[in-house]
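The structure under discussion appears below in the form of structure tokens.
The values are calculated or read from the model by the stated rules, or taken from the named source; none is laboratory data. This one's a predicted model, so the numbers in the text were calculated from it and none came from an experiment. We place every Cβ from the backbone using ideal geometry, glycine too, and count neighbours over all the protein chains shown.
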Amino acid sequence: MEGNPHLRSLLGWHLQQAGYIVKQSANLQQGRNIFYHYQPTLVVLDSDLPDGDGLELCSWLHQQQQPLILMLSARNTEKDIVRALKSGADDYLTKPFGMQEFLARVEVLLRRMRTNYVPLYLDYSDLKIDLVQRRVQVKGNFIELTPQEFSLLYVLAQAEGNAITRSELLRRAWPDAIDNPRTIDTHVLSLRKKIEINPRQPHVIQTVRNVGYRLNPDMLKGETPKSTKKENNGSFSRVSTN
């Protein structure tokens with residue numbers, strides 16, 4: 001996510017030449033939507049955006065507990081750098097910078113991720129979740145989920161059987177700020193109709209009274225998640241603005 005359209009295009013071109021998959025956006029809203037739909041491995045984010053503060057999006061991305069964040073900024077004081085790092089940035093690069101240094105920073109961040117195994121496919125026996133293709137199978141049949149339904153299921157799976165409040169689900173699974181917890185109930189009902197054998201007696205997504213929802217912990221005991229390493233030419237995405 002870069003405020004200067006010429007720099008954004010230049011960065012995108014060099015990243016693509018280096019073998020990365022690149023997604024760009026024109027504003028904060030598009031940036032959230034791109035993250036929501038593509039779940040990028042790494043986000044390159046400008047601190048000064050035409051429609052808002054990049055640090056706000058940085059904090060939101062950090063709360064999603066998934067992407068690496070490389071912050072670009074013309075601000076070079078220690079206070080600015082510390083503020084960005086505390087907001088969730090994994091690295092901070094001040095403008096102007098050389099393209100080789102930029103690509104090296106990207107490489108170093110992704111190298112850090114390659115040292116850990118990251119699950120890309122979750123197998124819960126009858127329920128299988130492909131985190132890359134964003135597809136779900138129930139008893140061997142592919143199920144059509146909306147992007148929102150998939151994100152909701154993904155966040156529940158990340159919790160590993162722990163209950164999540166409706167407010168927390170709204171914060172982590174929705175691209176926009178929504179303050180109506182009943183939105184969760186509506187989407188859970190829709191999701192249950194698609195993945196439960198008997199939606200009236202749900203086995204996969206359980207209601208936790210006075211709290212929210214969780215993925216059935218008994219089902220998770222049989223989990224055999226298939227993991228792989230994130231490769232340097234794999235699912236890297238960049239979010240940018242003009």
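Structural remarks
- Residue within segment 118-130 that is under 21 Å from Asn33 (Cβ atoms), surrounded by fewer than 19 Cβ atoms within 10 Å (Cβ to Cβ), assigned by TED's automatic domain parsing to the domain that holds Leu215 and modelled with pLDDT under 90 present: yes
- Within segment 132-169, being of a type in the set (A, V, I, L, M, F, W, C) and in contact with a Ser or Thr (Cβ under 7 Å, 6 or more places away or on another chain) holds for one residue alone: Val132.
- Pairs meeting the criteria (first residue in segment 163-175 and farther than 21 Å from Pro217 by Cα, second residue of a type in the set (A, V, I, L, M), beta carbons under 6 Å, at least 6 apart or on different chains) are Leu170/Ile178.
- Hey, Gly98 surrounded by 19 or more Cβ atoms within 10 Å (Cβ to Cβ) and assigned by TED's automatic domain parsing to the domain that holds Leu57 or not: no
- On inspection, Glu144 passes the criterion of being outside the structural domain of His37 (by TED's automatic domain parsing), exposed (fewer than 12 other Cβ atoms within 10 Å of the Cβ), at pLDDT 90 or above and charged (D, E, K, R).
- Residue check, Gln24 in contact with a Ser or Thr (Cβ under 7 Å, 6 or more places away or on another chain), over 15 Å from Leu85 (Cα atoms) and modelled with pLDDT of 80 or more: yes
- Evaluating Arg214 against the criteria (1) at pLDDT 85 or above; (2) in contact with a Pro (Cβ under 9 Å, 6 or more places away or on another chain); (3) not hydrophobic (A, V, I, L, M, F, W, C) leaves one unmet condition, (2).
- Per-region count, segment 60-82, residues in a helix (DSSP H, G or I) and within 30 Å of Tyr154 (Cα to Cα): 4
- Among residues of segment 64-95, those that are under 27 Å from Gln39 (Cβ atoms), surrounded by fewer than 15 Cβ atoms within 10 Å (Cβ to Cβ) and basic (Lys, Arg), counted: 1
- Flag: Ile184 matches the condition of being within 28 Å of Lys139 (Cα to Cα) and surrounded by 15 or more Cβ atoms within 10 Å (Cβ to Cβ).
- Subset tally (residues that are farther than 17 Å from Val43 by Cβ and either touching a Lys or Arg at 6+ places or on another chain (Cβ under 8 Å) or touching a residue at least 60 places away in the same chain (Cβ under 8 Å) (or both)) for segment 82-106: 2
- Residue identified as within 30 Å of Leu11 (Cβ to Cβ) and in a loop (DSSP other than H, G, I, E, B) among Ala104, Ala89: Ala89
- Qualifying residue in segment 49-59 (condition: over 29 Å from Ala159 (Cα atoms), assigned to a loop (DSSP other than H, G, I, E, B) and not assigned by TED's automatic domain parsing to the domain that holds Asp130): yes
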